[in-house]
Structure formats: C-alpha cells, structure tokens
1. When only C-alpha pairs under 8 Å and at least 6 residues apart count, what is the relative contact order of region A:1-67, in percent?
2. What number, rounded to the nearest 500 deg cm²/dmol, is the helix-based mean residue ellipticity at 222 nm of chain A, given -39500 (n - 2.57) per DSSP H run of at least four residues and division by all its residues?
3. Remind me, what semi-axes does region A:208-248 give for its equivalent ellipsoid, largest first in whole Å, using sqrt of 5 times each Cα gyration tensor eigenvalue?
4. From the convex hull of the Cα coordinates of region A:289-354, what is the mean projected area in square nanometres?
5. Taking springs between alpha-carbon atoms closer than 10 angstrom, which of B:233, B:253, B:17 fluctuates most in the Gaussian network model of chain B?
6. Taking the inverse of the average 1/r across all pairs of different Cα atoms in region B:96-234, what Kirkwood radius in Å do you get?
7. Taking the Cα of residue A:56, stepping 7 Å toward and past its beta carbon, and measuring to each backbone N in region A:201-245: which are under 19 Å?
8. How many Å³ per residue does the convex hull of the Cα positions in the protein assembly as shown occupy?
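None of the figures in this text is laboratory data; all of them are computed from the coordinates on show. Since the structure is predicted, the reported quantities are computational estimates derived from the model, not experimental observations. Here the Cβ is made from the backbone with ideal geometry for all residues, glycine too, and neighbour counts use every protein chain on show.
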C-alpha cells in the first residue's frame, strides 16, 4: 500500500530534471519535496499526476503501474501554485467539476453532487461562497476552493505544487497550519512540493531534499535539520558557517580550535565543517581554544538576533544567532570583543579534487560544552540604557 | 474625493474624443439619415417591400452571418494551431493570415472569381461534381468568408496565448476527457472573444463591396447584395433611395451588433471582479 518511485529519469533538452530518483511514500504520509527552483521537484510531481512522463523508471501505487494510466485514471488530486480555477464557473461549479465530467453511469445524482459540494465548502471554511466567481475571492480563498475541487473526486493521493507560493506571509502561515490539521483529519497520502524550507520543516512527516534532479536526503524534519547528509543540505536548510579544516595529528584544526576524535583514521588531510549560527557559543571571557572575535554588527530580527563576528584567527566572518533577550542581558554592542567556539558541526572530508565526500560525514559535538556568559559585560561608560542598546542594534 | 487620473486633462481628452467621434462617425451617419428622411417613412417601407431589395438584404445579412459563423470555426482552428504548435513556417503562415486585410478588395474579388469560375483552377473540379460557386450566392459567401477571416484569428490569438495551461491540466486530473476539456473549459473561456471576432467578421462581410461584386455575378433576386443596389441607385441619381437603403442596413447592423454585445456580456459575466 505504498507509492513507489523507482529510478526515474527525465531530461529536458540538455539538463536532467530527474536523475535516477527513487522514493517510497507510506500510506497516509505527508511528504514534502523541498529544493531550489530547477531542482526537479515540480517535474517529479507532474510525473505523479500524469502530466509528464519519465524516460525511464517506474511508479507504482498500491501495486498498480501508475505510468500506464492516463491522468484521469489515476485518481489523484492536484493543487497548483496559481490555483488554476475555472474562472468561468462559480465556486460550487468548480468543486463539482470532477464529479460532473464523469460518465453517466458512475456520475452521482445531482442532489448528491450538491450535497458533497456543500460539505466540502464547509470543510474548507467557504460556506456561503458557492455562487461567487473565483475573481471575487482572495488568494487564500481561491486556494481553498482549489483544494476542495481536488478533494471532491475522493483522490487516493493528494499532490500540492507550491500551493502557498502566491500568498502573502500571514495567510501562508495560517493556511499551512490549517492544511496540517486537515491532513490529520483525512489521513490522505500527500506529496507537497515547496522551495520554502520553513514550510517543509513545519508541515511534513518526512522531507525529500532535491538538488539538480537528485534526491540528496530523505528524512524527518529533525533529521534533515540536525543531521544533514550532504554539503548541499547543510547549506540549503537553515544557515551554516563554513570552516576550512586541516589535519594535525589526530585532530582537525581551524584557527586554533581543535575538532578532536576524527573518524577517518588519518585518511584525509583536509575537511570542511558546517556550523549553524545557533551552534556557536559566545563568551565574554577566554575559554580554552576559543576564537577571539570582534562583534561587527547586530541584526535584530524579532525574537532572534543575528550577530556578525569578525574572527581574526580564521580570517573570515562568522554568523552567530542568539535570543534577543540574551543579547540584551549580555549588553553586547557592535565593536565589543568576545570569544566564540563551536558546539556542534557537520564535517565532510575533502577528496583529492577538493570536493567534499558526502558519504564520510562526521557529526561532531564538543566534549565539554562551554558555559555561555549570562552576565552583563562591564563597560567604562556603564549604564546600558535600553534605548542606547536598541539604537545600536540595527535591523 | 476627486479621483486622480493617470493621464492629466481628462476633460480635455474626453471632449476631444467625443468631437472626433462625432465628426468622423456620427456626422456622416446623421447626413445619411437626413437624406433618407426626404423619402418619408411610407417611402422607406415601400422601398423595402420591393422583392428585389428584400432579396438583396437577405443575401447580405444571411450571407454575412453564415460567413462569420464559418470564420469563427475555422479561425479558432487556425489561431489554435498558430498559438499552440511550433512548426517550420509558422511565422510565414501567421503573416499570410493578414493578407485579406492588405489586399485591395477588387484584386481579391478578381482572384477569387478566376479560381472559382467554371473554367478556373478550383471551379473546374467543382463544376464536375455539379457545384457552381462563381456567379451564385455561394460565391458571395466565399468572398465574405475571405474578407472576414483575419478578424477572428487576430482577436483570438492573444486570448489563446494568455490561456493558462494549468487550467486544462487541472481539468484533466479531475477526470475530464479531451473533448470535455475543450467543451467545458476552453470554449466557455473563449466565448466572449469568439463573439467579438464574430461581430467584427459579420460587420466586415455586411459592408463588403469590392470583392463580392466580381464573384457574385450580380443576378437580381439571386446573387445581388444590398450595397450593390445602393450603388445602382446612386448611378440613377436616386439619392434618397440610396440613403434609405443605407439607413435600413445601418439599422439592421445596429440591432445585430447590439444583440451580440449583450450576448457577449452575458458570456463574460464571470469576469466582473470585486465582491
């Protein structure tokens, strides 16, 4: 009872949109396909819907060969980024479309169709909108009509192609929570394509991260975020500082900081470490091995503050995140000196060609976590008034 | 609150537009009506009850309506092919569509006559199976189709281009067959544009003179169009009679176009925005 994609290949003139893609989706699962534009995620969805076909590979659903079936025989519901509503039909007629085009012998009775439309409009919270035309609705309402229309044919598989891409930020957040609840109620197997990582991390049971026609990693949002499998995933999901590492004996070092316990037994000489901004520990007093840094800038983005640090030992800037509240408590300001050290890192050895080797990933974490300083820094002019501090923090 | 317009001088430009419209369109028409009024209402009715006049009006309007209908069907097909398919020579094909616009109508008429005459390239073969085109009402129809053709194609093209493919794909995944997609999705969305094209092609065919008179043979009661009767009246210095016929044609055209506009508005009701 699963949807299985096996070794799909699809080329568009000279670049591969899908390159040997295999994936299995469990019944009732909410899977997000996440990737930058041009990564092949929409092609994947269109192949599932029957609007595109791969050059090679198989798709089976509950043991049935999907590729041999025409779109209308697949019983999938598809929701498009730009709604794709029938603008010459009312909302109710849009929802009823999939039922009305059925051959007479399998078409429900008119009264049954009306009842189902009514029920679906209630489900998507659009009761009383049945007689309007799509042009009289807001973007969020249109997308809910599109969803009701897709659900009307009782699909076994729901496909969503960047459904919130054209909506503004607030509607998008509200609608995706609502969609998650709806999915929990219906239990429908759902494949959701998006380039918005926040959306994928928040909504999905599992995420497939795609890049240049390949699946880089499949896993739960937690796995994807905490244990990225490839350098691409490290960079695409969340933010990451890159550090170039050199082997010195049994340790890898960067600017005086040692990443101890390397698992490759001296096989590799160089490596690259990805350190998330929230995995940098800041301290006002020197801790062993920590880099001396200079706070160049503070970007205050609501609850989180992004700190731009100059680290002379590394000869590069680092970005560190901390809660705005902690920042205010520490009283840090641009120009201050402090010490910074990593607490977690994802490290890939570099091969002879200088490219990272994804299969030899090393998830490193610090043995003794440094204690972050919570006390205000002493400063000669003293009296850190909140106004002053705010004035320094630039958005 | 006063509405701000993008262009300044709204009053000036509106006044200018109305004056221009009055001078170029309404004034000649008013003169026509004034001239016809010399005949009086009874005179007009008497003129219109002449069988020869009636037959000519029937041919003009019946032929034009049929020609516009044919153009809508063929024009939709041609526009579809030009917009949806990429093939060698598409640009050339696209340019050829405009030829009936550009060709002097008399040239078109003579060319069509040469083709469809019983000894012409096409007429010869048609004559063998017993179909006469030149010098019959069918010939009139052929000429009317020819001159009206570009209107439908050119009005449809931009609309077809802006038609979103997702909408068709959505219909397909919802279970619609190809013909259902066409009948229930594409055609209703194109209906307003098809009606515009129909109206333009109709208006052009009703008013067509040059190309029709060459191929029609102008046999009274059979293949004589109303504009020809007007010219004949003029040649006999019957200005009032000519004007009366002109007014009658104008009234007919007006009613027809009004009906089409109403139909078009109804078919476009979904586009009225704002709740």
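1. 42
2. Helix contribution divided over all residues of chain A: -7000 deg cm²/dmol.
3. After diagonalising the Cα gyration tensor, the semi-axes are 21, 12, 9 Å.
4. 5.8
5. B:17
6. Over region B:96-234, the inverse of the mean reciprocal pair distance is 17.3 Å.
7. Residues passing the 19 Å test: A:213-215.
8. Value for the protein assembly as shown: 273 Å³ per residue.
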